[in-house]
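Accompanying notes for the structure given below.
Here, each number is a calculation from the coordinates, and none is a lab measurement. Note that the structure is predicted; figures quoted are calculated from it, not measured. Note: ideal-geometry Cβ built from the backbone for every residue, glycine included; neighbour counts use all protein chains shown.
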Amino acid sequence: MNNLVLVFIGAGIGGVLRFLFGKFTIQTFGDALPYGTFGVNIIGGLVIGVAAGLLAKHSQHQHFIQYFIMVGILGGFTTFSSFSLDVVRMFEHQRMIEAFTYIIASVVLSIGAVLLGMVISQKFV
């Protein structure tokens, strides 16, 4: 039951952070492109990479890292379902080049961010 509490609290925190980041990006860059969704997926990739690296090095904190951070906070923060909806809406509006650019950039940069996070966790933490 303790793990459920960690996930529940973490997901709430992640959801609030996602909401605030989305508002920030709209106020800063406008809403022509889904910068908020793009940004949280990249940031989430970086953080999950750091968390995975920490999990490998510090197994005594396994439940906190895995359930609170990775499943909870990052599950509430990252937005693959929103990403998918953004892509479908771009297709519906015949914005094919933007849609494919968004798909490729999101996948490549998210994977790169995970790898970078793992390197950071191994070298600096």
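Multiplying each eigenvalue of the alpha-carbon gyration tensor of the chain by 5 and taking the square root yields semi-axes of 29, 17, 12 Å, largest first, rounded to whole angstroms. The overall shape of segment 1-70, judged from the alpha-carbon gyration tensor, is oblate: a/c is not under 1.5, and a/b is no greater than b/c. Amide H to amide H under 5 Å from THR79: which residues, 5+ apart in sequence or cross-chain, H placed 1.01 Å off N in plane? Amide H neighbours of THR79: ASN41. Judged by the ratio a/c of the largest to the smallest principal axis of the C-alpha gyration tensor, segment 65-125 counts as oblate, that ratio being 1.5 or greater while a/b is no larger than b/c.
Counting beta carbons within 10 Å around each of VAL40, VAL5 and listing the fewest first gives the order VAL5, VAL40.
Quote the relative contact order of segment 1-116 in percent (integer), defining contacts as alpha-carbon pairs under 8 Å separated by 6+ residues. For segment 1-116, the relative contact order is 42 percent.
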